[in-house]
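The values are calculated or read from the model by the stated rules, or taken from the named source; none is laboratory data. Predicted model, so just to flag it, every value in this text is computed and none were measured. Neighbour counts run over all protein chains shown; Cβ positions are idealised from the backbone, glycine included.
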Amino acid sequence: MMSTCDVVVLLSGTGSNLQAMIDRLHGVDQPARIRAVISNRADAFGLQRAREAGIETRVLDHRTFEGREAFDAALMDLIDTFNPRLVVLAGFMRILSATFVRHYQGRLINIHPSLLPLYKGLHTHQRVLEAGDQEHGCSVHFVTEELDGGPLVVQAVVSVESDDSPSSLAQRVHAQEHQIYPLAIRWFAEGRLSLDEHGASLDGQLLGARGHLIRT
């Protein structure tokens, strides 16, 4: 039996995905344990969610560092004090340096509010509506040096309704984020999910270009 997988979560905002992780993974007899939550913003509400769950928190303000490389070096040092097997980005509003990404190669994951490789970057819900797409969703992926471009783990698909606004669409996508992110973390913690030179694999099978697909 594998030992408990220690996880460090990085966030900058409200931490709704963190709350989903706490609700589904944080407790006795779970394969993953959230060891710490780190934010670059002292006022991030996600820190309060962590404290209420008894999880250690740290703040590392990027504005006090001379550039991205210096901040990322300090962030790596801080993360590594908790010796995590997995580092999870949950609304961490920083573009990470190549050095940081390489340091956590194969154990750094992110969630993005689109069906990657579509709509990398920001304002995904608005862009989907402007394009007239019939489907939207969210994607969990391993992080590589390409922004929002790492190998996909799992995607959840939602239908776009004729009367959708960016906010109504975002609400349904967020609900799916809260399902698939804890799921991906569980897979990793149980030793079922991995990344190698060939790509992401689940239960020893190479995942396809879109990862594991879930239709709602």
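Looking across His198, His103, His212, His123, one residue alone is at negative phi and modelled with pLDDT of 95 or more. It is His103.
Within segment 63-70, not a single residue is surrounded by 17 or more Cβ atoms within 10 Å (Cβ to Cβ) and outside the structural domain of His141 (by TED's automatic domain parsing).
Filtering segment 82-141 to residues that are crowded, with 19+ Cβ neighbours inside 10 Å and of a type in the set (Ser, Thr, Tyr) leaves Ser97, Tyr104, Ser114, Tyr119, Thr124, Ser139.
If the condition is being surrounded by fewer than 18 Cβ atoms within 10 Å (Cβ to Cβ) and under 22 Å from Leu89 (Cβ atoms), then segment 184-216 contributes Glu190, Gly191, Arg192, Ser194, Asp196, Gly199, Ser201, Leu202, Ala209, Arg210, Leu213, Ile214. Which residues, counting only those in segment 77-102, are touching a residue at least 12 places away in the same chain (Cβ under 8 Å), more than 26 Å from Glu177 (Cα to Cα) and either touching a helix residue (DSSP H, G or I) at 6+ places or on another chain (Cβ under 9 Å) or not assigned by TED's automatic domain parsing to the domain that holds Asp23 (or both)? Listed by number, the list holds a single entry, Thr99. Of all the residues in segment 163-196, those that are of a type outside the set (Lys, Arg), more than 21 Å from His123 (Cα to Cα) and assigned to a loop (DSSP other than H, G, I, E, B) number 2.
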